[in-house]
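The values are calculated or read from the model by the stated rules, or taken from the named source; none is laboratory data. These figures come from a predicted structure and were not determined experimentally. Ideal geometry is used to build each Cβ from the backbone, glycine not excepted, and the neighbour counts take in all protein chains shown. Quick note on the areas: whole protein, heavy atoms, side chains included, nothing else; ligands and nucleic acids left out. Shrake-Rupley method; radii C 1.70, N 1.55, O 1.52, S 1.80 Å.
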Amino acid sequence: LGLDMEELEEIEEDAGLGNGGLGRLAACFLDSMATLGLAAYGYGIRYEYGIFNQKIRDGWQVEEADDWLRHGNPWEKARPEYMLPVHFYGRVEHTATGAKWVDTQVVLALPYDTPVPGYMNNTVNTMRLWSARAPNDFNLRDFNVGDYIQAVLDRNLAENISRVLYPNDNFFEGKELRLKQEYFVVAATLQDIIRRFKASKFGSTDSVRTVFDSFPDQVAIQLNDTHPAMAIPELMRIFVDIEKLPWNKAWDITKKTFAYTNHTVLPEALERWPVDLVEKLLPRHLQIIYEINQRHLDHIASLFPNDVDRLRRMSLIEEGGTKRINMAHLCIVGSHAVNGVAKIHSEIVKTQVFEDFAALEPEKFQNKTNGITPRRWLLLCNPGLAELIAEKIGEDYVRDLSQLTKLHEFVDDDLFIREVAKVKQENKVKFALYLEKEYKVKINPSSMFDVHVKRIHEYKRQLMNCLHIVTMYNRIRRDPAKVFVPRTVIIGGKAAPGYHMAKMIIKLINAVAHVVNNDPIVGSKLKVIFLENYRVSLAEKVIPATDLSEQISTAGTEASGTGNMKFMLNGALTIGTMDGANVEMAEEAGEENLFIFGMRVEDVTELDREGYKAQEYYNRLPELKQAIDQIANGFFSPEEPDLFKDVVNMLFHHDRFKVFADYEAYVKCQEKVSELYLNSKAWTKMVIRNIAAAGKFSSDRTIKEYARDIWHVEPSDLKIPPPNEPREAAEDKTPNGTAA
């Protein structure tokens, strides 16, 4: 048709229906589950407005609505025939036949299906996203008799449930609309699962077993963080109130069905819903949660008599001030498996955050280190590198990423070294052109592309990177004649709209960039760019062009990270702390092939014990003092000298993430990075060693572990025959398995 494929791809909007790593992880998991031939469904909400579009105006983040459906979405198919009712509010009546939830408000859940194709295996799974619709008699039944127009306009109140994604990453905001969203997706999904179960041959009643005896053998539900935790009381409500199962039977089935993945240990991110709010919105669910808690605490009291403090620590209900439900505790008690998302994180979950629960049931706690799909994060975004690898080791690695270890044979192959460097250089030139077009800055493509892209958060320590930029700037100005390895520092990411400090960090980075980029003494030695509106489609451009990947969270705060894996697979070297999956990346590649610096978890714990004193680092390190003084004295904000006083005050007096404590080690480590970059061949050899060690970080490996250890299904490498071939022969070979 004479159309350019790349141009066409640029036009399509991202479906930005998640915040950061957790939503993107789910997308990688769907790709892997389809590629492994698992009968799996991804369920979520079809937000009308996804994560906001970020504009930078005068250095500040400004949010715009993400109207991603404006031009329609060709990949989705509405399925009105599967529409389901979801109930809210009302009250509970206790009758002879059991509890009844009555006088509720009904919202309809309309499913939209998006196909999820496996890689070259003729498997297509489904992602089903729910959209909220008002019933046609909404507000017209009882009251509102005369005001027909107002009643129709009020339909929006029901339909607002799926209007917009809450833009917080690693932060809990206890809003009623958010709880409605969480229950909405859960209630619709469980009805859908049960409908499908009953329609299958397994759901049929025989004389001995009740209908639901085989439920956990046929259905596994993975809770992606605590956001769908209401699924636990909801399934109990269906079993006990509607299907009339005895409590113990229902609870046994429920526990065997659910498994819970924990994604963060930050206390401010843990969901703790006020009891009053749950009582108003979901009165029956609150009663069920109380009953679950009573039985749970009775059990603990029988094991640990007179240990009231243990009961308080392990309760699902937190007393003191406003009573709250600890959703993580609900998930642990209601699931047969609990996992963290990297070895170090799973250890912290077991030994610190949920130590009482792990002491009780150690066999329940597991690790499943995160991964990324090599289809999107290598083949699609970096075809040059993917092809180069295929020339050396064949094409099978795309489905079995562990085969990348074969690249170790070529680490001393001069031709291969040159070709790897050439692909990286081509990607950098292409991205430099993109930056010049979008940002009107001249980029030196032979400079080191030093990239820090992720959500803006204090724990991710974009501020520490910023201090390093200021330090490099000061060194260039102190001695302009000295050889300096040129860098283009690229920082990008969105700040939650209500997160003041994160927004100040963006402003600071842009203020520093303005000074650095316009200083003639610096010239092309150092450029700083804040990448606007970081999102998946932009990640696909920047990651293949990156030389240095910044993974510098305070040890013990980043559960896993997945960007770190994407950079490793695409030929960047990592500067990072021993946190999250960085630890396993260093284990796979050899610590000498990453730039590891700074405090370990033990050091952070020790420093907390002693008391972290930021002032002492400031007094001891002249370059740190200079940088902080410049920020504090308005060197980067001459029109408003005290613009960054909040940032500086935080760094001195309440920096939970100890930026100053790692500053010196970080700067020294960055010097090592620059030194190696001068030796292009040695750098590229280290790159090859990293790519060769990246195989563990395929989401295919992660999903195989979930399938075997938690869902109890076998991945099938069987290629389903295409629809134009007869199916009879293939029918017999299809194994029966749980639908995850």
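So for the chain, averaging the separation of alpha carbon pairs under 8 Å that are six or more residues apart and normalising by length, what relative contact order in percent results?
15
Taking amide H atoms as placed 1.01 Å from N in the peptide plane, list the residues 5 or more away in sequence, or in a different chain, whose amide H sits under 5 Å from that of Val453.
For Val453, whose amide H was placed from the backbone, the distant partners under 5 Å are Gly492, Glu550.
Got a sec to turn the phi values of the range 114-119 into Karplus ³J(HN,Hα) couplings, 6.51 cos²θ - 1.76 cosθ + 1.60 with θ = phi - 60°, whole Hz, x for Gly and Pro?
Ordered by residue, 3J(HN,Hα) equals 10, x, 10, x, x, 7 Hz.
Where a ≥ b ≥ c are the square roots of the eigenvalues of the C-alpha gyration tensor, would you call the range 443-680 rounded, which needs a/c under 1.5, or, failing that, prolate if a/b is larger than b/c, or oblate? Numbers along the way, then the final one.
Numbers: a/c = 1.30, a/b = 1.05, b/c = 1.23.
Rounded is the answer for the range 443-680, as its axis ratio a/c remains below 1.5.
Express the carbon and sulfur contribution to the solvent-accessible surface of the range 443-680 as a percent, rounded to the nearest whole number, probe 1.4 angstrom.
52
Under the rule a/c < 1.5 gives rounded, and otherwise a/b versus b/c splits prolate from oblate, where does the range 430-549 land using the Cα gyration tensor?
On the way: a/c = 1.89, a/b = 1.27, b/c = 1.50.
It comes out oblate by the Cα gyration axes.
Going from most exposed to least, what order do Val86, Val441 have by accessible area with a 1.4 Å probe?
Highest to lowest solvent-accessible surface, that is Val441, Val86.
What is the P(r) of the chain, as percent of Cα-Cα pairs per 20 Å bin from 0?
Answer for the chain: a P(r) of 15, 48, 31, 6, 0 percent.
How much of the DSSP beta bridge set in the chain is antiparallel, as a percent to the nearest 5?
45
Keeping all protein chains in place and using 1.4 angstrom, which order do Glu182, Glu318, Glu640, Glu363 fall into by accessible surface area, from largest down?
Numbers: Glu182 10, Glu318 50, Glu640 95, Glu363 130 Å².
Ranked from most to least accessible, the order is Glu363, Glu640, Glu318, Glu182.
List every residue whose amide H lies under 5 Å from the amide H of Thr574, counting only residues 5 or more places away in sequence or on a different chain, with H placed 1.01 Å from N in the peptide plane.
Result for Thr574 returns Ser549, Phe595.
Hey, which lysines would be in cross-link range of Lys255, C-alpha to C-alpha under 17 Å, not counting anything within fewer than 8 residues on its own chain?
Lys364
For n ≥ 4 DSSP H runs only, could you compute -39500 (n - 2.57) per run for the chain, divide by its residues and tell me the 222 nm figure to the nearest 500?
Calculated from helices alone, the mean residue ellipticity at 222 nm is -12500 deg cm²/dmol.
Keeping every protein chain present and rolling a 1.4 Å probe, give me the accessible area per residue for the chain in Å².
Numbers: 31910 Å² over 740 residues.
Counting only protein heavy atoms, the per-residue value for the chain is 43 Å².
For the range 443-680, what relative contact order do you get, as a whole percent, if you take Cα pairs closer than 8 Å and at least 6 residues apart? Kindly include the intermediate steps, with their values, before the conclusion.
Values: 364 pairs, mean separation 51.4, N = 238.
RCO, the range 443-680: 22 percent.
Measure nothing but the geometry: give the 0 to 90° angle between the long axis through the Cα atoms of 622-632 and the longest principal axis through the Cα atoms of the chain, rounded to 10°.
Relative to the chain, helix 622-632 is tipped by roughly 60 degrees.
Sorted by packing (mean other beta-carbon atoms within 10 Å per residue), highest first, where do 381-394, 62-75, 453-466 land?
453-466, 381-394, 62-75
Spelling out what I want: for every residue of the range 258-263, take phi, set θ = phi - 60°, compute 6.51 cos²θ - 1.76 cosθ + 1.60 (Karplus), and round to whole Hz; glycine and proline get x.
Values per residue, Gly and Pro as x: 8, 9, 10, 9, 8, 10 Hz.
Measure nothing but the geometry: give the 0 to 90° angle between the long axis through the Cα atoms of 462-478 and the longest principal axis through the Cα atoms of the chain, rounded to 10°.
Relative to the chain, helix 462-478 is tipped by roughly 10 degrees.
Around Asp579, with a cut-off of 15 angstrom between Cβ atoms, what is the net charge of the other residues, counting Lys and Arg +1 and Asp and Glu -1?
Spelling it out: positives minus negatives among the neighbours equals -3.
Tilt of helix 601-610 relative to the longest C-alpha principal axis of the chain, in degrees (0 to 90, nearest 10)?
It works out to around 90 degrees.
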